[in-house]
Each structure stands twice: as C-alpha cells, then as structure tokens.
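Heads up: the structure comes next, in structure tokens.
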Amino acid sequence: MNVLAVDPGSSESAYVFLRDGCPVKFDKVRNDVLRAMLSGDTWYGWLGETPEDVLAIETIESYGMGFAKDIAITLIETGRLIEAWGGPYRCIPRKDVKLTLCGTMRGVNDAVIRQRVIDHYGGEAAIGGVRCQRCKGKGWRGRERTPCADCHDEVEVFEHEWPGTDGHTWVTKGSGWRVSPGPLHGMAGDCWQALAVALTWLERNGTP
Ligand SMILES: [Zn+2]
C-alpha cells in the first residue's frame, strides 16, 4: 500500500510519499509545483498501484475566533491540490493526528509529534547519517587509502529491519558513516507533519 501525505500551506506544501510504510520521497515545494507533480507521474508509477492507495491531506478543522486570511487561502489551495491529483483522497484533521499518534490532545505540539514519528521508525537511528570522525566520512585513510577501520564493517544496517525498505540498501563497508543514513535522513520542517498525517491514515486503516 502506498500513500502520499500532504501538509498544505497557503503558498508551499510539504509532502511525503510512503511505499509500504517507508518514506521514499519527501520535500516542501511551491503549490504549483506540487500540483504539477500530482497530475503527472512523479511517483515511480507506484501511487495508484493498489486500490487502497490514497492522497492523505491534512485539513484545518477548528478556526477559533479569528479566521485568518492565510487559513482561507490554505483551504482553497488544499482543494486545488486534491483536484490536481484526481484520485482517491482522505482529509486528515490535525486532531486525528494527535489522538492517533499520541493518544491525547493535551500538550501535543509539532515537537511531540515529530518525536512520536521517530519512535515509530525505531528511534534516532532511523535518521542516522552521522559521519565517521576518524576518516572524516571518506571511508579510507592515508595515502594508501586503507579502508577505515572505524566504519569498516559488513553490517547492512536496516535492509531487513525496516518495513518496506526495498530500494534502500545501505552498505556500511568503509562507508564513512558512524551511523548510516536511515529512512528519515534529510527529513525537515513541515515534512515531519506530512509524515505524521501518513502514519495517522495508515494506523487508522490497520496497517502497521
Ligand atoms: Zn571511517
């Protein structure tokens, strides 16, 4: 099952594309760029592979006292993104993200949600990408280019440990990494929120 999750904004939106639970493509881009991606085939032909594949898009549900112009524009942009996709979609209220991932609304902010997402993938090693200090990330040392002993091992870090990681084979032999890049390496900003939306949809549909 594949899911494209979007955290929409008034001018830019963050997206994460998950294949069998593993984020394989994510970024924050201008809305017109994302609309072009949604209407074209930018998902390796994987999105729409099974009937369960959806666009999961976060929606604002509580407007409080002030209905800011930015929120109005975000809602319009959300509709444009859904239209550009043209396939099945689910609106995921932020309340559902909090309740599903954290079990409570109380005290849940972006940082708490981010940590919960990291926990879901097994902790900080899922980010990884820590360079070897001994060889400064080169994987070898000296004029003879001797393989660095500190990052020279043959452990394939998460090929079998993470669900749905086909296409990700990290070989750590002389890799230059002290901790190899994990599936969440490079994730930043609003992409965390988009990933939380994806996990919410997957968990609510009984997919681990
Ligand atoms: Zn090294």
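Each of 61, 12 was scored by other Cβ atoms within 10 Å of its Cβ. Listed from fewest to most, they are 61, 12. Between 73, 60, 92, where does the largest GNM mean-square fluctuation fall for the chain, given springs only between Cα atoms within less than 10 Å? So, out of 73, 60, 92, the one fluctuating most is 73.
So which lysines pass the test for residue 136, namely a Cα distance under 19 Å, with those fewer than 8 places away in the same chain ruled out? Counting by Cα, and skipping residues close in sequence, residue 136 has these lysines nearby: 173.
Where only DSSP H runs of four or more residues are counted, the chain gives -9000 deg cm²/dmol as its mean residue ellipticity at 222 nm, each run worth -39500 (n - 2.57).
In terms of its C-alpha gyration tensor, the chain comes out prolate, because a/c is 1.5 or above and the ratio a/b outweighs b/c. Taking other Cβ atoms within 10 Å as a rough exposure proxy, 187, 1 sort from fewest to most as 1, 187. Within the listed set 77, 144, 49, the Gaussian network model of the chain (springs between alpha-carbon atoms below 10 Å) gives the highest mean-square fluctuation for 144. Neighbours of residue 90, meaning other residues whose beta-carbon lies under 12 angstrom from its beta-carbon, give a summed charge of -3 when Lys and Arg score +1 and Asp and Glu score -1. Toward the positive end of the charge dipole of the chain, with +1 on the Cβ of Lys and Arg and -1 on the Cβ of Asp and Glu, the farthest Cα among 188, 5, 85 is that of 188. Look at 44, 89, 121 and count the other Cβ atoms within 10 Å of each Cβ; fewest to most, that gives 44, 89, 121. The charge dipole of the range 1-127, taken about the Cα centre with unit charges on the Cβ atoms of Lys, Arg (+1) and Asp, Glu (-1), comes to about 360 debye, rounded to the nearest 20.
Taking the centroid of alpha carbons for each part, the range 88-113 and the range 1-40 are 18 Å apart.
All of the numbers you see were taken from the coordinates with simple rules; none came from a lab. Note that the structure is a prediction, hence the values are computed from the model and not measured. When we count neighbours, we look across all protein chains shown, and the Cβ atoms used for this are built from the backbone with ideal geometry, even at glycine.
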